[in-house]
1. With all protein chains present, calculate the accessible area of Glu94 using a 1.4 Å probe and round the result to the nearest 10 Å².
2. Quick check for you: with a 1.4 Å probe and neighbouring chains kept, what is the accessible area per residue of the stretch 15-120, in Å²?
3. Roughly how many Å² of Val60 are accessible to a 1.4 Å probe, to the nearest 10?
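The values are calculated or read from the model by the stated rules, or taken from the named source; none is laboratory data. Computed from a predicted model, the values in this text were never measured in an experiment. Quick note on the areas: whole protein, heavy atoms, side chains included, nothing else; ligands and nucleic acids left out. Shrake-Rupley method; radii C 1.70, N 1.55, O 1.52, S 1.80 Å.
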Amino acid sequence: TLGSRPVYRRHSLVLWCQNLIACPSCSRQQFDVISTVNALEARLEDITEPMDVAVIGCIVNGPGEAKEAAIGIAGGSPNLLYKDGKPSHKVEKEFLVDELEREIRERIARQKNTLQQDKIIPIKEIS
């Protein structure tokens, strides 16, 4: 923390266009945030679409940060995954990286599909 405000690691990678919000290590963490973030970054190197993802290890700060992200995880027993700022489902810590990767890839696929649907121009019947 800096003064009374928590300090979060925020960064965007050139190859990975997500804004990844993660907390520093502290005694409230319910899972290893640093190894989770490192594993997630390694798995998602091919992703270029922008997205805010929050990986917060505790229930104190996690819900607030997760509510601001497209996809977020708040540490707890079990951990709570958020989608579009709303609680979605619980995830055990041994499945965190797999579940976050799956949710991120599914969201990107839906976004691409929506963009493609928006480009389709319907052919009107000629009367």
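1. 120
2. Numbers: 5570 Å² over 106 residues.
With all protein chains present, the stretch 15-120 gives 53 Å² per residue.
3. Ignoring ligands and nucleic acids, Val60 comes out at about 90 Å².
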